[in-house]
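The values are calculated or read from the model by the stated rules, or taken from the named source; none is laboratory data. The shown structure was predicted, so the numbers you read here are calculated from the model rather than taken from an experiment. Ideal geometry is used to build each Cβ from the backbone, glycine not excepted, and the neighbour counts take in all protein chains shown.
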Amino acid sequence: MSSERDKARYPFTSEAAEFVKSLNIGVDDLTSEPYNLILKRAEQRIRQALFKPDELSPQEQDPNIEIPSFPTAIMLMAFVDSENTKRRYAVAESKSFSKKLKDEEPEKVLEIAKRTFGWRIKHPDDKTGTVDFLLHFREYLTNSRNMNELKWKLTNRYLKSGYIQLTKDETARLLEEEIQKKILEKTKHPKVEPPKALQEILSEINGLASVRSTSQDLVQTFSIEVADMPQCIKRMLDTLSSGGRLSHIGRFTLTSFLINAGATEEDVMDFFKTASDFDEGKTRYQVEHISGGRGGKTRYTPPKCDTLRTHGLCVGPDELCKRVKHPLSYYKRKRILSKRSVAKPAQAPEI
Ligand code: SF4
């Protein structure tokens, strides 16, 4: 049995959903007192997820507001037009839940995994070392599918009688994936018009969504001309800014490209923060290594176009691509061409 504090911390759980159902609040009620406080908190939730994800945590003392604010925010997000924004929202919420789960007692993690997601998970018979849980390999595979790190590969895990050994942190990370999928599923656009009562708040949220919807806005802040980058790099930036993941070679390519194009290590760190699998320690290590601040002090450059092509990272080469063999050469040439076209004197008007 979970407490109201638990339901507010983990409003995605089946118990929180039952609690919300018992309140019996209709969509039209949300614009009148006292339920409009739920709508306000839902909007705040969305703002935090999109702009200040580190601040996402229960904020209302009243569980009758805090708990339903989560499904209300999800309902609002379902009517948002941008898929990238929905993903960013889902990533921010699921990350904040997984952070809290890492600090929970193992019993709580086990209860959520079993009751809400139906995972086949249990404690090991004899608790030795760092193993907290045994998870059935099917649930493990479903939720580790997008993890790039080698430690998640099934071949690198200890598998016994169909179960994989996990630490609490690893379990929280896998739950993050499960929660993210659940949010994305629920934010699929319903094939109906948004309720009239919500139109005002929805146009505000759609406005928020367009404020920072592309990589262009993010990178432009650190004086790199995104418009001059090749398509392969632009696509990687867009993947990250929408909360997606990059393969190992994708991360290496993007980091080394940005560093060589003039970004600082902190700029690159800031950018990677939007990725759903962001791990501050590991990302910092990789960024410093690639920029030459660690190890052999070598500054790495991105792979050549041929290599990127082999890894499926070259996308729709344009005319300039046909004349270069390296994404950085593309960027340098394009910068020169752009500057020339800006510097070109204006034609005298015909008289
Ligand atoms: S040809 Fe090279 S620069 Fe152009 S999209 Fe492909 S990998 Fe990128």
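Does Ala275 satisfy being assigned to a loop (DSSP other than H, G, I, E, B), away from the ligand (no atom under 16 Å from the Cβ) and modelled with pLDDT of 80 or more? Answer is no for this residue.
For segment 299-313, filtering for residues that are within 10 Å of the ligand (Cβ to nearest atom), outside any helix (DSSP H, G or I) and among the hydroxyl-bearing types (Ser, Thr, Tyr) leaves 0.
What residue, of Gly262, Gly316, Gly296, Gly281, is surrounded by fewer than 14 Cβ atoms within 10 Å (Cβ to Cβ), more than 16 Å from the ligand (Cβ to nearest atom) and more than 30 Å from Ala92 (Cβ to Cβ)? None of the other options fit; the residue is Gly296.
If the condition is being more than 8 Å from the ligand (Cβ to nearest atom) and among the β-branched types (Val, Ile, Thr), then segment 319-340 contributes only Ile336. In the set (1) crowded, with 17+ Cβ neighbours inside 10 Å; (2) modelled with pLDDT under 90; (3) touching a helix residue (DSSP H, G or I) at 6+ places or on another chain (Cβ under 7 Å), Leu159 fails one condition alone, (1).
Any chance segment 202-224 includes a residue that's assigned to a helix (DSSP H, G or I), in contact with a helix residue (DSSP H, G or I) (Cβ under 8 Å, 6 or more places away or on another chain), closer than 23 Å to Gly262 by Cα and modelled with pLDDT of 80 or more? Checked against the condition, which is being assigned to a helix (DSSP H, G or I), in contact with a helix residue (DSSP H, G or I) (Cβ under 8 Å, 6 or more places away or on another chain), closer than 23 Å to Gly262 by Cα and modelled with pLDDT of 80 or more, segment 202-224 yields no hits at all. What about Ile249, is it within 16 Å of the ligand (Cβ to nearest atom), within 20 Å of the chain's Cα centre (by Cα) and aliphatic (A, V, I, L, M)? The answer is yes for Ile249.
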